[in-house]
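The values are calculated or read from the model by the stated rules, or taken from the named source; none is laboratory data. From a predicted model like this one, the values you see are computed outputs, not experimental measurements. Heads up, the Cβs are rebuilt from the backbone with ideal geometry, glycines too, and the neighbour counts pull from every protein chain shown. Side chains are part of the model used for accessible areas, which takes the heavy atoms of the whole protein and leaves out ligands, DNA and RNA. Shrake-Rupley method; radii C 1.70, N 1.55, O 1.52, S 1.80 Å.
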Amino acid sequence: MTLQPVILTTPQRRHEHVDAIAAAFADAEGFADPLVYCDERGDGAAIATREALALAAAGGQHALFLEDDVLVDHEAPATIAAVEFPPGVAAITFCDMREVSEFAPAGLYRRSAMGADGRGWWGNQALLIHRDVAAACVQADWFSPEIESARGILVHKVTYDDDGRNCSDIRLALLIHALPGDRHDYAVHVPSLFKHVGHESVCFPGRSIGERETRNWIADRRSYRVDSLGVRDD
């Protein structure tokens with residue numbers, strides 16, 4: 001199946017990394033032409049993520065959702081195109097910041113969508129989302145009473161004072177965790193094929209990447225090769 005890349009950006013960063021990200025997938029086998037969604041209205045990351053997913057899901061393909069603050073490794077397109085969704089897995093991240101330990105063996109690690117702290121995973125930088133899940137998330141209410149009252153959302157609102165407009169990762173994790181059907185799990189691809197870059201967050205001015213630095217970045221560990229992936233629960 002052809003994969004549909006979609007890149008989420010903002011007017012202030014529209015040309016910083018987007019062209020390079022799009023170029024990495026423009027002529028790659030197994031991928032449709034990359035789409036770009038720009039949050040022109042300043043709706044915030046949550047709404048913008050839903051709109052970008054809607055754009056990608058319209059063709060009925062698996063969606064490769066990419067934020068504009070990533071560096072793409074040259075192995076990413078071919079490796080992603082070869083990955084298959086294990087049973088029960090809704091989304092696969094190719095840019096992990098906390099779910100798998102540094103220096104972990106190469107593989108695909110199954111995790112709960114609720115993440116290491118039970119509040120939701122961290123970061124939507126590079127997610128391959130199953131087509132059925134992407135379609136369901138586009139139709140879901142990202143601001144339902146259940147979402148708004150979730151612990152991760154409440155903590156985010158207090159911590160960042162943004163009324164929850166920018167916690168797209170937590171909202172998407174909560175949606176996937178609660179979706180009907182059998183795809184509720186999150187998987188982490190090791191090594192990471194994308195690196196979270198940039199010195200300051202656009203969503204949260206004044207805050208640096210800090211603890212959201214990419215683990216197991218492939219360029220730092222070329223000796224690890226992913227020839228065949230098994231699903232790991234360790």
Note to self: If I filter the range 201-222 down to residues being of a type in the set (D, E, K, R) and out of contact with any Gly (no Cβ under 7 Å at 6 or more places or on another chain), which single residue comes out as modelled with the lowest pLDDT?
What the structure shows: ARG207
Margin query: Among the residues of the range 44-68, what is the count of those that are open to solvent by less than 20 Å² (accessible area, probe 1.4 Å), not in a strand (DSSP E or B) and not small (Gly, Ala, Ser)?
Written below: 3
Notebook entry, point to check: Looking at this structure, is ALA24 assigned to a strand (DSSP E or B), open to solvent by less than 40 Å² (accessible area, probe 1.4 Å) and out of contact with any Cys (no Cβ under 8 Å at 6 or more places or on another chain)?
Noted result: no
Notebook entry, point to check: Do we find a residue being closer than 20 Å to LEU193 by Cβ and of a type in the set (A, V, I, L, M) anywhere in the range 142-150?
Noted result: no
Next item on the list: Evaluate the following for PHE103: is it of a type in the set (Phe, Trp, Tyr), in a loop (DSSP other than H, G, I, E, B) and modelled with pLDDT of 95 or more?
Entry: no
Notebook entry, point to check: Among the residues of the range 27-43 satisfying the criterion of being exposed (fewer than 13 other Cβ atoms within 10 Å of the Cβ) and not basic (Lys, Arg), which is nearest to GLY164 (Cα to Cα)?
Noted result: GLY42
Check: Of all residues in the range 122-176, which are over 14 Å from the mean Cα position of the chain (by Cα) and among the small types (Gly, Ala, Ser)?
Finding: ALA135, ALA136, ALA140, SER144, SER149, ALA150, GLY152, GLY164
